[in-house]
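The block underneath contains the structure these notes are about, expressed in structure tokens.
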Amino acid sequence: MYPDFQYLLQNLFGTEMPEWLSIFKTFGFLVALSFLGAAWTLTQELKRKESQGLLVPEFETIEVGHPASANELFWAAFLGFILGYKVGGFFGNAATIAPNPMGYLFSLQGNVVIGIVGALLMAYSKYAEKKKDQLPEPKTKRVATYPHQRIGEIVIIAAIGGLAGAKIFNAFETWDDFIANPAESLLSSSGLTFYGGLIVATAALWWYARKHNIPFKHLCDAAAPGLILSYGLGRLGCHFAGDGDWGIFNSAYVTGADGHLHAATMADFQQSVLEAGQYFRSNFGMHVPQKYAPAPGWLPDWMFAMNYAHNVNNEGIALAGCTGNYCAVLPAGVFPTPLYEFATCMILFAILWSLRKKLKYAWQMFGLYLIFNGIERFFIEKIRVNYKYDWGFLHPTQAEIIAVVMVILGILLLVFAGKRKEEIITDTVKS
């Protein structure tokens, strides 16, 4: 696996890379790509809906030509100090920060001198910007802002709400670990629950859309293709980082002394369970979730099992001869469910993107997204390792519960859209 850019580039070029590259995490890079992809698709869809007259601009009256106010200079300097303080703190401390950059960002560590320099530069930049546009006499003008011009704000709100929701819901899903160490659980760069992020981000965007008079139904429809695209790219990040989002064990493969997977019998798998007893007991107790499924001869083994060597969570057993931050490997193969989800989501994205101009009524696109995503996640949960609730004769995971709710909600939205379609046709005939 490639938990950070140092590992990634060393593997690609076969030579040692600077240690400071380990600050940049592979998962974070692919999550950033997922946001860029979602932002691009959302922008295209918002523009298309604006051209159809479904979305209109918001008008506001502003005054231009003022010099920079004390308040503007203060906040520019404050932002510059924070950026400089944190970026400056990286220099000379890469080795200690690299294992948990998220924890560093929320700590009090940093570089005061570079922080002050950053504050001065940002304050001067704001002063110069306002000075350039300053007029002898400030003027009032009316400006129109289209929804697609707010894409930066939308992405930031979605990112903050998504991260907060993903962490909160992950705490519920891994409650024992959260109670044992709340700070580490919340500040760790791993441990994110997608559905939690989706729910909280949706609530935040509903508030934002209401504030700026953007019809929420059209915003949801415009966002749907990008949501499935970003989810798939995020899962690819989970895979390459090896952050624990894998499936149950495939007992047809075990990790050998060389750290690589080898075909195995059930007896071999049971032996690996005994040899790595501490790992299996602490994570699974007396029952190890597994399924014996060797790959057919015409398919590569990695499609059926991977042992996620050098995974970012250091989960598993020690890799022989390994030194550095990521020296663990799973003792047996697991189903690479992030790859399955990535491939599935790319197909679903292609379907939604091809249908976007054919669906004429509000909520149809978002309803389809909810159904597709819910079905995909419900079935992938069958081969994933997650905490299960005890409901007597039912033992669902958190994701399965939310997936079922999403499918039901998606069906209701399609039914509602169908009824609206009938009402529109009836009203047109009567008129």
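The values are calculated or read from the model by the stated rules, or taken from the named source; none is laboratory data. This one's a predicted model, so the numbers in the text were calculated from it and none came from an experiment. Glycine gets a Cβ as well: all are built from the backbone with ideal geometry, and neighbour counts include every protein chain shown.
Can you tell me which residues in the stretch 320-331 are within 29 Å of the chain's Cα centre (by Cα) and part of a loop (DSSP other than H, G, I, E, B)? Within the stretch 320-331, 324, 325, 326, 327, 330, 331 qualify. Exactly one residue among 74, 13, 91, 24 is surrounded by fewer than 16 Cβ atoms within 10 Å (Cβ to Cβ), out of contact with any helix residue (DSSP H, G or I) (no Cβ under 9 Å at 6 or more places or on another chain) and not small (Gly, Ala, Ser), and that residue is 13. Only one entry in 46, 30 is within 27 Å of residue 142 (Cβ to Cβ), outside the structural domain of residue 94 (by TED's automatic domain parsing) and touching a residue at least 12 places away in the same chain (Cβ under 8 Å), namely 46. How about the stretch 1-23: which of its residues are assigned to a helix (DSSP H, G or I), hydrophobic (A, V, I, L, M, F, W, C) and over 24 Å from residue 336 (Cβ atoms)? Across the stretch 1-23, the qualifying residues are 13, 20, 21, 23.
Among the residues of the stretch 129-161, just one is exposed (fewer than 10 other Cβ atoms within 10 Å of the Cβ) and touching a Phe, Trp or Tyr at 6+ places or on another chain (Cβ under 7 Å), namely 142. Among the residues making up the stretch 49-67, those that are surrounded by fewer than 17 Cβ atoms within 10 Å (Cβ to Cβ) and touching a Lys or Arg at 6+ places or on another chain (Cβ under 8 Å) are 59, 60, 61, 62, 63, 64, 65, 66, 67.
Selection within the stretch 107-139: residues that are among the hydroxyl-bearing types (Ser, Thr, Tyr) and without any contact (Cβ under 8 Å) to a residue 24 or more places away in the chain. The member of this set that is farthest from residue 68 (Cα to Cα) is 107. If the condition is being part of a loop (DSSP other than H, G, I, E, B), of a type in the set (A, V, I, L, M) and either in contact with a Gly (Cβ under 8 Å, 6 or more places away or on another chain) or farther than 14 Å from residue 333 by Cα (or both), then the stretch 277-319 contributes 286, 299, 305, 309, 312, 319.
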